[in-house]
Amino acid sequence: MIVANLKQLKKDVPAAVTVVAVSKTKPIDAIQQAHKAGHLDFGENKVQELCQKHETLPTDIRWHMIGHLQRNKVKYIAPFVHLIHGVDSERLLNEINKQGAKNNRVIDVLLQIHIAEESTKFGFSYAEAEAILSKANTHENVSITGLMGMASNTDNNAQLTSEFSELQDFYNKLQASNNWTTLSMGMSNDYKLAVSLGSTMIRVGSLIFGSRN
Ligand SMILES: *Cc1c(COP(=O)(O)O)cnc(C)c1O
């Protein structure tokens, strides 16, 4: 099932779009199935679970931290994390830079933009993101490689289109001057729309692994 779902999904999106298989709450065995079929990008939203899975599973897996990240937990993932999607404060960015230096590496991150209507979702406003970008070149051990957004939890296509389009416009406006490579938007329910609006990376869980409890 998992391997077939993944194959179908990859057929449905252009090859240039990276599929992050969101394996949160799913067992090791589920990840192994996808990995054996050649899939390498996996996403988790809890630091402890991410670290446990990283220790157990093959070292060629690229681990994506997709959830809200607390500053005091950056140190646990700094040695190995491939991409941190949810950078939503300057203090978090500074801490990632510090832990990057300790681990002698440059950690790739995305700035999370608040695009949803709901006030519960984390992220910068567009103005805040621009302010951060204007001084982010002082960081030597963190690299902002693009943006991430989570649309509202709704079936309203017009609403989703408007949220993704605004993020796409902002990304396009700043992409060249910041050497960005990655626009992370789209999940199981809205990835098709997100890809049609310029997403380069989708984060898909339930469509691959089945629904979560
Ligand atoms: C859980 C999660 C996803 C995947 O959600 P699905 O609806 O299962 O595809 C994507 N992004 C983030 C930030 C998540 O927390």
Quiz item: Asn153 versus Ser119, label points 7 Å from Cα toward the beta carbon: distance in nm?
Solution: 1.7
Practice problem: With a 1.4 Å probe and every protein chain left in place, tell me how much accessible area Arg212 has, in Å² to the nearest 10. | Solution: 100
Quiz prompt | Cα-based reach from Lys7 at 17 Å (exclusive), listing aspartates and glutamates while leaving out same-chain residues under 8 positions away | solution = Asp41
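Given +1 on the Cβ of Lys and Arg, -1 on the Cβ of Asp and Glu, and no further charges, what dipole in debye does the chain carry about its Cα centre, rounded to the nearest 20? Please report the intermediate quantities before stating the final value.
Values: 22 positive and 21 negative charges, 145 e Å.
With Lys and Arg at +1 and Asp and Glu at -1, about 700 debye.
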Self-check item: FRET efficiency, Thr145 to Asn172 (Cβ-Cβ, R0 25 Å, nearest 0.05)
Solution: 0.95
Quiz item: So how much slack lies between Ser188 and Lys7, counting 0.36 nm per residue of separation and subtracting their Cα-Cα distance, in nm?
Solution: 63.7 nm
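Could you work out how much longer the chain between Glu49 and Ser89 gets when fully extended? Use 0.36 nm per residue separation minus the Cα distance between them, nm to one decimal.
Numbers: separation 40, 0.36 × 40 = 14.40 nm, distance 2.28 nm.
So the extension gain works out to 12.1 nm.
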Quiz item: Can you tell me the Rg and Dmax of the chain, counting just the alpha carbons, in angstroms?
Solution: 16.4, 46
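Taking 37 °C and 0.692 mPa s as the conditions, I'd like the Stokes-Einstein D for the stretch 151-200 in µm²/s, using the Kirkwood hydrodynamic radius from alpha carbon pairs.
Details: Rh = 11.1 Å.
In µm²/s, the coefficient rounds to 296.
May I ask you to give the percent of accessible area on the chain that is carbon plus sulfur, with a probe radius of 1.4 Å? Let's see the in-between values first.
Working: 4900 of 10490 Å².
Answer for the chain: carbon and sulfur cover 47 percent of the accessible area.
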Quiz item: Using the heavy atoms of the protein chains alone and a 1.4 angstrom probe, what is the accessible area of the chain per residue in square angstrom?
Solution: 49
Practice problem: Rounding to the nearest 20 debye, state how big the charge dipole of the stretch 125-203 is about its Cα centre with +1 on each Lys and Arg Cβ and -1 on each Asp and Glu Cβ. | Solution: 180
Self-check item: Mean Cα-pair separation over length for the stretch 2-206, i.e. relative contact order, pairs under 8 Å, 6 or more apart, %
Solution: 18
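The values are calculated or read from the model by the stated rules, or taken from the named source; none is laboratory data. The model shown is predicted, which means the values in this text are computed figures rather than measured ones. Here Cβ is always computed from backbone atoms with ideal geometry, including for glycine, and neighbour counts include all displayed protein chains. Side chains included, ligands, DNA and RNA excluded: accessible areas come from the protein's heavy atoms. Shrake-Rupley method; radii C 1.70, N 1.55, O 1.52, S 1.80 Å.
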